Amino acid sequence: MKDWTWEYEPDAENVVGGLDGAQRLEVEAIAQRIADAVGAAASVSPSTSPSRQPVSGRSLRGS
């Protein structure tokens with residue numbers, strides 16, 4: 001797995017300013033989960049990743 005990190009952009013005050021401590025921790029936990037998922041996805045080689053095309057040829061819109 002590749003090591004991906006996250007940071008506040010442009011800064012913490014613009015992203016989570018006004019949130020209480022528990023809310024800020026939740027934002028940071030979610031951001032870390034996203035970074036971990038991106039790192040895991042980046043470690044999959046293109047030859048082994050699943051196709052993005054529907055197997056049946058149908059769209060995901062439903063009938």
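The values are calculated or read from the model by the stated rules, or taken from the named source; none is laboratory data. Since the model is a prediction, treat every value here as computed from it, not as a measurement. Cβ atoms come from the backbone with ideal geometry, glycine included; neighbour counts cover every protein chain shown. Heavy atoms of the whole protein, side chains included, go into the accessibility calculation; ligands, DNA and RNA do not. Shrake-Rupley method; radii C 1.70, N 1.55, O 1.52, S 1.80 Å.
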> Are there any pairs with C-beta distances below 8 angstrom linking a residue in the stretch 11-35 that is of a type outside the set (A, V, I, L, M) to a residue that is part of a loop (DSSP other than H, G, I, E, B) and surrounded by 11 or more Cβ atoms within 10 Å (Cβ to Cβ), with the two at least 6 apart or on different chains, and if so which?
Replying inline: Asn14/Tyr8; Gln32/Trp6
> Which ones in the stretch 5-63 are open to solvent by 80 Å² or more (accessible area, probe 1.4 Å), modelled with pLDDT of 90 or more and among the hydrophobic types (A, V, I, L, M, F, W, C)?
Replying inline: Leu25, Ile34
